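See structure below.
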Amino acid sequence: MSRAGVYKVDITPPLGIDFIGYHRPTGVSNINEHIFVTAFVFENNNTKSVFISIDNIGMLVEDTLVIRKQTSSKLKIPTEQITVVYTHTHSGPATVSTKKIVKIYKDTLMSNAVKAAILADKNLQLSEIGWNVTLGELGINRRENTPDGKVIMGTNPIGPVDKRVGILVIRNEKTKKLSGLIIFCTAHPNVLKGDSDILSADYPGLTREILENILKCTVIVVQGASGNINAMYRGSLENMEKMA
């Protein structure tokens, strides 16, 4: 018997908080869309696992471990069965700083991550889960080779790129209604650059918004091995729409 539960919590920060991802001379001045923490809980034969996705470039290992340990304590499952990932947007809020606004935000974010897992667990329902893989032109290799044999940050159109797009779908066993969708893909969410003052989950956030409106279920976009893979289109909200 398989059960799954999903829940998401708004973690949009206050205006003025520092960015993380690119240096900006000022903090968040505008909000393009709200950002979220989303939790999926899976249960099979009384074994439970938790998958938490946070709209941020990432957090310190020790902060991530606190989220996992607190979730472990609340749900009474081993820490090893709790995974925390980050959508890796380059237009999200800072979580490491001596500034009071950042410290308060980080504490709230961590609390909401645990809350999302608790509420996803309460939403467990008999479910069917499907998996498939397709291909997509989302990223471009950024390790550009120069004539003198060096490598610089640039564009390498023939460099390796993982074009696979994995899709995990969850639906209610009885009603067949979709309850969750997880997309795995490879391309930095760095469409918006350092000249942008907009808080954004970047193309994973816009993709989520489009699909949630169509499919009427909770959606997250998870990064694969995107270390040297830039977004194919960059630099504007129009290009973010292209990516989504």
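Of note:
- Helical contribution to [θ] at 222 nm, DSSP H n ≥ 4, -39,500 (n - 2.57), averaged over the chain, rounded to 500: -8000 deg cm²/dmol
- Angle of helix 61-75 to the longest C-alpha principal axis of the chain, folded into 0 to 90 degrees and rounded to 10: 10°.
- Long-range amide H partners of Y86 with built H, under 5 Å: I54
- Amide H partners (placed H, <5 Å) of Q125, local residues excluded: A4, G5
- Lys, Arg +1 and Asp, Glu -1 on Cβ, resulting dipole of the chain about Cα centre, debye, nearest 20: 660
- Among the listed pairs K100/K122; K48/K69; K163/K242; K76/K115; K8/K216; K216/K242, those with a Cα-Cα distance over 25 Å are K100/K122.
- Fraction in percent of alpha-carbon pairs per bin - 5 Å, the chain: 1, 7, 13, 17, 18, 16, 13, 8, 4, 2, 1, 0, 0
- Extending 7 Å from the Cα toward the beta-carbon at both R3 and V133 defines two label points whose distance is 3.2 nm.
- Here the 3J(HN,Hα) profile of the range 34-47, calculated from phi with Karplus coefficients 6.51, -1.76 and 1.60 at θ = phi - 60°, is 6, 10, 9, 10, 10, 10, 10, 10, 10, 9, 9, 6, 6, 9 Hz, Gly and Pro shown as x.
- Going from the fewest other Cβ atoms within 10 Å to the most, the residues V151, V6 appear in the order V151, V6.
- Remark: the range 210-217, residue by residue, has Karplus-estimated 3J(HN,Hα) of 4, 6, 5, 5, 7, 8, 6, 9 Hz, where x stands for each Gly or Pro and the curve is 6.51 cos²θ - 1.76 cosθ + 1.60 at θ = phi - 60°.
- Simple rule: put +1 on each Lys or Arg Cβ and -1 on each Asp or Glu Cβ in the range 134-186, find the dipole, and look at P157, G136, S179; the Cα lying farthest toward the positive end is S179.
- Computed from Cα atoms alone, the Kirkwood hydrodynamic radius reported for the range 98-214 is 18.2 Å.
- Summary value for the range 2-125: 37 percent relative contact order, contacts being C-alpha pairs under 8 angstrom separated by 6+ residues.
- Using the Cβ-Cβ distance between T47 and D10 with R0 set to 30 Å, the FRET efficiency works out to roughly 0.50.
- In terms of other Cβ atoms within 10 Å, H34, H23 run from fewest to most in the order H23, H34.
- Each residue of the range 227-239 was assigned a 3J(HN,Hα) from its phi angle through the Karplus expression (A = 6.51, B = -1.76, C = 1.60, θ = phi - 60°), giving x, 10, 10, 7, 4, 4, 10, 9, x, 7, 5, 5, 6 Hz with x at Gly and Pro.
Rule-based calculations on the coordinates, nothing more; no lab input. Nothing here was measured: the structure is a model prediction, and the numbers come from that model. A quick note on method: Cβ atoms are made from the backbone with ideal geometry, for glycine too, and the neighbour counts reach across all protein chains shown.
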